[in-house]
1. Want the number for residue 125 to residue 182: 0.36 nm per residue separation, take away the alpha-carbon distance, what's left?
2. Can you tell me the mean projection area, over all orientations, of the convex hull of segment 98-165's alpha carbons? Units nm², please.
3. Need the full-extension length gain, residue 103 to residue 38, defined as separation in residues times 0.36 nm minus the C-alpha distance. One decimal, nm.
4. Principal axis extents for the chain, Cα atoms only, whole Å, descending order, please.
5. Can you tell which of 180, 152, 62 shows the greatest fluctuation in a Gaussian network model of the chain with Cα springs below 10 Å?
6. Gain in length, residue 222 to residue 205, computed as 0.36 nm per residue apart minus the alpha-carbon separation, to one decimal in nm?
7. Tell me, what is the percent relative contact order of segment 98-165, built from C-alpha pairs under 8 Å that lie six or more residues apart?
8. Please compute the contact order of the chain in relative form: average sequence separation of alpha-carbon pairs under 8 Å and at least six residues apart, divided by the residue count, as a percent.
């Protein structure tokens with residue numbers, strides 16, 4: 001059945017229908033439906049254990065869904081591995097940064113550009129240099145990734161995802177551990193990324209950061225979607241206040 005937006009002629013960049021995932025008897029994602037439209041910033045909220053990172057793993061190909069369907073740019077993803085999804089245009093960051101520790105910051109970006117985006121070496125170098133500047137990492141370009149402090153590894157995590165030239169960028173708690181000033185800089189950077197036409201889905205616990213840029217919010221609890229709508233409307237819903245902020249309605 002067509003969604004209302006599809007019936008009006010707007011095709012979603014990413015669609016999930018009946019998406020479910022269990023690990024043994026533990027149900028992590030259950031019968032989740034959502035659409036992500038091109039150009040929007042979708043925020044995903046929920047308490048620890050709500051299934052947010054598992055949802056990202058299903059989208060990126062780091063895990064396989066048990067039931068339901070995922071569609072990206074009109075094509076069912078089925079059980080494609082993560083590297084193929086990256087080449088389709090799905091880039092992501094991880095809550096715990098995972099750089100190639102034995103490579104420099106610049107070399108990490110080159111790997112993403114050459115093998116993720118499949119750029120030529122000349123184009124990859126130019127794009128990597130620009131991304132280093134955008135993410136504030138120019139002065140760390142020749143430093144081994146393993147020697148970077150945590151905040152710079154988070155910047156590198158975002159930079160690597162951008163170097164793969166994503167159409168859809170999945171951000172997993174990228175603002176965690178940042179100071180107020182750094183969080184403000186991150187919000188500005190994400191605004192610039194969005195202005196380039198990159199669609200963003202962002203899991204975050206730093207509420208002020210995600211509220212500053214999200215055009216829509218989804219809230220998960222125990223693997224089920226309990227809210228979906230405009231940020232200012234979702235955040236005041238009694239169920240959301242209770243499960244996410246611990247405030248009784």
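Taken together, the values in this text are just the output of simple stated rules run on the coordinates, not laboratory data. These numbers were taken from a predicted model, which means no experiment stands behind them. No Cβ is skipped: glycine too gets one built from the backbone with ideal geometry, and neighbour counts run over all protein chains shown.
1. My answer for the length gained is 17.9 nm.
2. 3.7
3. So the chain would gain 20.0 nm between residue 103 and residue 38.
4. 50, 40, 39
5. Answer for the Gaussian network model of the chain: 180.
6. Numbers: separation 17, 0.36 × 17 = 6.12 nm, distance 1.63 nm.
Here the segment from residue 222 to residue 205 would lengthen by 4.5 nm.
7. 51
8. Averaging sequence separation for qualifying contacts and normalising by length gives 25 percent for the chain.
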